[in-house]
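**Q** Before I ask anything, here is the structure I am working with.
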Amino acid sequence: MSDPSSPRSRPSPWGWLLLIPVVVPLITTFYNADSPRFLGFPRFYWLQLAYIILGVGTTTVVYQMTKKRR
Amino acid sequence: MKDHVTEIVVFTILFLAVSAIGFVAARWRRPDDLLHLNEWGLGGRSFGGWITWFLIGGDLYTAYTFVAVPALLFAAGAAGFFAVPYTVIIYPMVMFVLARLWSVSHRHGFVTPADFVRARFQSPTLALLIALTGIVATMPYIALQLVGIESVLKTMGVVGASGFGRHLPLIIAFAILAAYTYQSGLRAPALIAFVKDALIYLVIIVAVFYLPAKLGGWGAIFDAANAKFTASPAKTDGIILNANNQLQYITLAFGSALALFLYPHSVTGVLASKNRDVIKRNMSALPAYSLLLGLIALLGFAAIAAKVTPIHGDGNTIVPSLFDKLFPDWFAGIAFAAVGIGALVPAAIMSIAAANLFTRNIYKEYLKRDASPQQEASVSKLASLVVKLGALAFVVFVNPQFSIDLQLIGGVIILQTLPSVGLGLYTRWFHRGALIAGWAAGLLLAFWMLWQIPNAATKHAHFGGSAFPLSKFGFDSTKSIYVGFVAVLVNLAVAAIVTLILRASKVADGGDDTVPEDYTADATDEPAAQGKGDADSEDLAPEPIT
């Protein structure tokens, strides 16, 4: 049985970081434009594809910081 | 008329090879007894990081997505790219939610989201509604996978424009799928997913470099798309969003993200993993598929630049036609096989998930309370066949466009299970009666709104899309918003208000079969004593973390 007072029962403050990759891709003013282009891609497309890296980076950090210590 | 023989031969060989894998899968990681719902329906709850990545990736990014999203960009431009923010925000959103769902399901042996709701709110009625919602939302989704296969078959010219015979290749393909799902359960799609994804990644990497080289580079492709949308009379298209569809864009992305892991087939993929760590690590690994999806989406613009026209007026044939036109025949055959096999994985998982819902929350709850795990597995196997027949009937007897509309409705209705399933993982505050009231209110509003939306392209007067003009609510605005988002807000408001009313009037609420520690338990912890299933706890040294 797990002990309710054990550290992993408490939400970690690192979890709040996850708000960044949820909120940023929903702000259309950041990316709703054609220029500047990158490799021929309008900003609308390359920036939203770049948000994938933002998502991966954040979830990786949060995972590393919240995983159980052994 | 081009000769498609090479394509058909390559497609058929790959398709048959994968089918053989599907049958052999029954022996893969062989259990003592496959005739147990934990084994047939959840692959023994034992999948590690890699298998889970392939399985959930194959489950969420379906053949239909790979065909329909570029079709959307082809027709409407930037608005179709919502699939990218949608699949970026989903993983940070659900990282901890899914870990809780996994834990409580592990402790109690839950197989379906409705199992959880039943225990959490001690309400078989609410669980029944959740199960029915899940089954109804999943059926057209399976049908759409068939539409995905059909788009490839159409491009190869093996299905005509009319007549019953045109469906024969599809029926054969589906019969094979039904047979190996029946035999191998969740192990079949899990094993096939490796092949499917290897093929899809190969095709896309080649497409992303090869097609622009033929079409004058990505810059030229975007310029061709821009020229098309500038010339078209429609006001909503373009290679970037306009003032009126931005709200729709973000509410659709956000609402779709909320809905995705409420689908029973997504939950099946999550519960089949062996511990919490596998799920949390996958939240950083699954976005690789989002990149893939984003690149595939842009093939819609490549199709514009290549001046591809849809076959038989079916927009979903855009990508297959593009491959047909620009790839050498043998590689087009591989690409078609990737799409076709890509349809089999999710179709198998979806039918297993729907069958599990029927077995656990209808058959065991209402028809045979003392069903043994063996009987559950047998019923689930049969139910998976019935579900597939239903999906096939959709495609054969109903206009495919109609099943696409149904899938749209499916997303909106599955979202109405958010308060019970999603919020239920965090709070037991809602009254079980209030959750039913909110569910009903959300659904009624959603249907009213969807009824009002015409489809300009197909000339349907109703259920033509998910973008609802705010002006119909009486706002002085030309903007539109995603139906599901509005409906789930109303659902939540009703659930909250009715909870207060029912509490104030002291109407009896159910108890709660779960305890707080259940939501953080890991594979090393014992299953709860009252657990219905026999969650096997002996397998369970967690994987070392790299």
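**Q** Would it be correct to say that B:Gln416 is over 27 Å from B:Asp33 (Cβ atoms), open to solvent by less than 10 Å² (accessible area, probe 1.4 Å) and assigned to a helix (DSSP H, G or I)?
**A** Details: over 27 Å from B:Asp33 (Cβ atoms): yes; open to solvent by less than 10 Å² (accessible area, probe 1.4 Å): yes; assigned to a helix (DSSP H, G or I): yes.
Spelling it out, B:Gln416 is indeed over 27 Å from B:Asp33 (Cβ atoms), open to solvent by less than 10 Å² (accessible area, probe 1.4 Å) and assigned to a helix (DSSP H, G or I).
**Q** Still on this structure, I have one more. Taking the stated definitions as given, is B:Thr52 surrounded by 19 or more Cβ atoms within 10 Å (Cβ to Cβ), in contact with a strand residue (DSSP E or B) (Cβ under 6 Å, 6 or more places away or on another chain) and of a type outside the set (A, V, I, L, M, F, W, C)?
**A** On the way: surrounded by 19 or more Cβ atoms within 10 Å (Cβ to Cβ): yes; in contact with a strand residue (DSSP E or B) (Cβ under 6 Å, 6 or more places away or on another chain): yes; of a type outside the set (A, V, I, L, M, F, W, C): yes.
So B:Thr52 passes the test.
**Q** So, one more: Suppose we filter B:Ala253, B:Ala259, B:Ala272 for residues that are over 21 Å from B:Phe110 (Cα atoms) and of a type in the set (Gly, Ala, Ser); which single one remains?
**A** B:Ala253
**Q** Are there any pairs, at least 6 apart or on different chains, whose C-beta atoms fall under 8 Å, with the first in the range A:38-52 and among the basic types (Lys, Arg) and the second surrounded by fewer than 18 Cβ atoms within 10 Å (Cβ to Cβ), and if so, which?
**A** A:Arg43/A:Ala33; A:Arg43/A:Asp34; A:Arg43/A:Ser35; A:Arg43/A:Pro36; A:Arg43/A:Arg37
**Q** Could you tell me whether any residue of the range B:60-77 is more than 29 Å from B:Ile8 (Cβ to Cβ) and within 14 Å of another protein chain (Cβ to nearest Cβ)? Can you show your working first?
**A** Applying the first criterion (more than 29 Å from B:Ile8 (Cβ to Cβ)) to the range B:60-77 yields B:60, B:76-77.
Going one step further and asking which of them are within 14 Å of another protein chain (Cβ to nearest Cβ), we end up with B:76-77.
Yes: one or more hits.
**Q** Evaluate the following for B:Phe254: is it open to solvent by 10 Å² or more (accessible area, probe 1.4 Å), assigned to a helix (DSSP H, G or I) and within 11 Å of chain A (Cβ to nearest Cβ)?
**A** On the way: open to solvent by 10 Å² or more (accessible area, probe 1.4 Å): yes; assigned to a helix (DSSP H, G or I): yes; within 11 Å of chain A (Cβ to nearest Cβ): yes.
The answer is yes for B:Phe254.
**Q** For the range B:11-23, indicate whether the set of residues that are closer than 30 Å to B:Ala225 by Cβ and either of a type in the set (Asp, Glu) or not in a strand (DSSP E or B) (or both) is non-empty. Break it down into steps so the answer makes sense when it comes.
**A** Looking only at the range B:11-23, we keep the residues that are closer than 30 Å to B:Ala225 by Cβ, and these are B:11.
If we keep only those that are either of a type in the set (Asp, Glu) or not in a strand (DSSP E or B) (or both) too, we end up with B:11.
Checking the range B:11-23: at least one residue is closer than 30 Å to B:Ala225 by Cβ and either of a type in the set (Asp, Glu) or not in a strand (DSSP E or B) (or both).
**Q** Where residues in the range A:23-61 are facing chain B (nearest Cβ under 7 Å) and β-branched (Val, Ile, Thr), which of them is nearest to B:Ala225 (Cα to Cα)?
**A** A:Thr28
**Q** While we're looking at this one, here's another question. Among (1) closer than 27 Å to B:Ala353 by Cβ; (2) in a helix (DSSP H, G or I), which single condition is B:Phe463 missing?
**A** All conditions pass for B:Phe463, except number (2).
**Q** Given B:Leu128, B:Leu146, which one is surrounded by fewer than 24 Cβ atoms within 10 Å (Cβ to Cβ) and within 23 Å of the chain's Cα centre (by Cα)? Working first, answer last.
**A** Numbers: B:Leu146 fails: surrounded by fewer than 24 Cβ atoms within 10 Å (Cβ to Cβ).
B:Leu128 is the lone residue from the list that is surrounded by fewer than 24 Cβ atoms within 10 Å (Cβ to Cβ) and within 23 Å of the chain's Cα centre (by Cα).
**Q** Got a sec? Which helices (runs of 4 or more DSSP H) wholly within the range B:139-242 have at least 2 residues that are farther than 30 Å from B:Val386 by Cα and within 14 Å of chain A (Cβ to nearest Cβ)? Walk me through it before giving the result.
**A** On the way: elements: B:168-184, B:187-215, B:217-231.
Once the helices (runs of 4 or more DSSP H) in the range B:139-242 are filtered for at least 2 residues that are farther than 30 Å from B:Val386 by Cα and within 14 Å of chain A (Cβ to nearest Cβ), what remains is B:187-215, B:217-231.
**Q** Can you confirm whether the range B:91-110 contains a residue that is under 30 Å from B:Leu367 (Cα atoms) and in a loop (DSSP other than H, G, I, E, B)?
**A** Yes: the range B:91-110 contains one or more residues that are under 30 Å from B:Leu367 (Cα atoms) and in a loop (DSSP other than H, G, I, E, B).
**Q** Would you confirm, using the coordinates I've provided, whether B:Asp509 is in contact (Cβ under 8 Å) with a residue 40 or more places away in the chain, out of contact with any Leu (no Cβ under 9 Å at 6 or more places or on another chain) and either open to solvent by 20 Å² or more (accessible area, probe 1.4 Å) or at negative phi (or both)?
**A** Criteria not met by B:Asp509.
**Q** Can you pull out the residues in the range B:515-525 that are under 15 Å from B:Ala99 (Cβ atoms), more than 7 Å from chain A (Cβ to nearest Cβ) and either assigned to a loop (DSSP other than H, G, I, E, B) or free of Cβ contacts under 8 Å to residues at least 24 places away in the same chain (or both)?
**A** Kept after step one, since they are under 15 Å from B:Ala99 (Cβ atoms), are these residues of the range B:515-525: B:516-525.
From what is left, the residues that are more than 7 Å from chain A (Cβ to nearest Cβ) are B:518-519, B:522-524.
B:Asp522, B:Ala523, B:Thr524 - these are the residues of the range B:515-525 that are under 15 Å from B:Ala99 (Cβ atoms), more than 7 Å from chain A (Cβ to nearest Cβ) and either assigned to a loop (DSSP other than H, G, I, E, B) or free of Cβ contacts under 8 Å to residues at least 24 places away in the same chain (or both).
**Q** Is there a residue being more than 20 Å from B:Arg276 (Cα to Cα) and among the hydroxyl-bearing types (Ser, Thr, Tyr) anywhere in the range B:102-111?
**A** Residues of the range B:102-111 more than 20 Å from B:Arg276 (Cα to Cα): none.
No, the range B:102-111 contains no residue that is more than 20 Å from B:Arg276 (Cα to Cα) and among the hydroxyl-bearing types (Ser, Thr, Tyr).
The values are calculated or read from the model by the stated rules, or taken from the named source; none is laboratory data. On a predicted model such as this, the values are computed, not experimentally measured, just so you know. All Cβ positions, even for glycine, are placed from backbone atoms using ideal geometry, and neighbour counts span all protein chains on display. Keep in mind that these areas ignore ligands, DNA and RNA; they rest on the heavy atoms of the full protein, side chains included. Shrake-Rupley method; radii C 1.70, N 1.55, O 1.52, S 1.80 Å.
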